[in-house]
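Remarks on the structure that follows.
The values are calculated or read from the model by the stated rules, or taken from the named source; none is laboratory data. What you see is a predicted model; the values in this text were computed from it and never measured. Here Cβ is always computed from backbone atoms with ideal geometry, including for glycine, and neighbour counts include all displayed protein chains.
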């Protein structure tokens, strides 16, 4: 990788990369294109906030807790965009800027849970919109997508953020034992 010598060279390189990115997004279907462009805006916010972001201001996340995460734009079959996830860390310290999670996905009616994943059943998540009172979580069956176990920066957490924020839910202990076992 070549070393950039000055800001003018950096801007020229950036312009070329942005042109490639625009062309790639224009070739996408609407859904992945939407996820990609939304992610670019989020990513810019994350970059701008990196110097001032402190995970100390966030709540302490518990093992089994369900949170909402923005996974960004990810390749092909990787889950991208906003998804619920289960916290894998035991005794997560707010000073730690990262968190290990397993993404959750809803199943379309008639589709079976993948053999590597864990069926979490129905109505596991309560994510109430404070303005409308509606549950934002889909009411169908959820599965823990084990093969996509990942570590995220806490900047990616959408909610809950503060100790007083409503908890979205917890994976039942027997299902969490299955997730823990399958993640090894």
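Taking region 41-62 as the range and being in a helix (DSSP H, G or I), touching a helix residue (DSSP H, G or I) at 6+ places or on another chain (Cβ under 9 Å) and loosely packed, with under 14 Cβ neighbours inside 10 Å as the test, the residues that pass are 45, 49.
The number of residues in region 23-36 being modelled with pLDDT of 90 or more and surrounded by 11 or more Cβ atoms within 10 Å (Cβ to Cβ) comes to 3.
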